[in-house]
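Here is the structure we will look at.
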């Protein structure tokens, strides 16, 4: 059986240059015959890079965000194409660009790759042009979320004051999630890898989740868990809480490859608050106590994945 396991991690030109060069040499210089002198540029040292690695740690794909606010140098080794690596890289780079506050992301797509980028919402603009003998098309994606429509007359609209949430450590991530839980009226939604060990099993967060779940009519906690077996194997304490409150705390597992390889993790409450961690296996993230437009954008994606996901079958022995 082919092992499709891979993971994403941030990379720097200074530390990971050998791996980044290896992937780009194989794809652009060897496979596509782009002159090596044209492949490397001054932006490499100034860009934020992302690497995809297989289960053994071997580099299999890469991409970058440049200081010119472009996504570029997207490359996946031939043997890994069609297995969700490119889509996971692109989605993670988009989320990182959003976290940086970019109003839009621009990329220069090879014409044959236009459908791939279009599936993620990019639209072409300008004329097709030649670069290194390959036809290219500029494409862009608007990242600023539109404000939701005004509330209906008579509906309560009180929201927390807008305040930025930032996390660069476990303690700061716990504090940000506790803020979202404290502001929530009735509901929270989480997109996670393995129920975010170290975060969602922290004592203060478990207590806040329990309090919200017991708040009464309308209480709802929904969690998308990409790897429930990992959470079960590690004895994640949120599972026991969900076992006691199965009608309020619901867990589902994404089944589509693109959803299972979604690199980011996020938490949403029902008053416009969110925390987005572009790489779900890290604590670093940004958000707001009240940004209804961005929260609604993430919630739409959550709802789409929730609808095409399945109950956490691996947890059925625990009567979940």
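The values are calculated or read from the model by the stated rules, or taken from the named source; none is laboratory data. All of these numbers come straight from a predicted model, not from anything done at the bench. FYI the Cβ positions are ideal-geometry reconstructions off the backbone, even for glycines, and counts take in every protein chain you see.
What the table shows:
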item	result
Cross-chain or 6+ apart pairs with Cβ under 6 Å, segment 157-178 first and under 16 Å from residue 276 (Cβ atoms), then loosely packed, with under 11 Cβ neighbours inside 10 Å and at pLDDT 95 or above	none
The lone exception for residue 161 - which of (1) surrounded by fewer than 19 Cβ atoms within 10 Å (Cβ to Cβ); (2) at pLDDT below 90; (3) outside any loop (DSSP other than H, G, I, E, B) it fails	(3)
Those residues of segment 17-37 which are under 13 Å from residue 131 (Cα atoms) and touching a helix residue (DSSP H, G or I) at 6+ places or on another chain (Cβ under 9 Å), in sequence order	28, 34, 35
Count of residues meeting criterion [part of a helix (DSSP H, G or I) and farther than 11 Å from residue 289 by Cβ] in segment 164-197	9
All helices (runs of 4 or more DSSP H) inside segment 1-113 with 3 or more residues being assigned by TED's automatic domain parsing to the domain that holds residue 130 and surrounded by 19 or more Cβ atoms within 10 Å (Cβ to Cβ)	13-24, 85-99
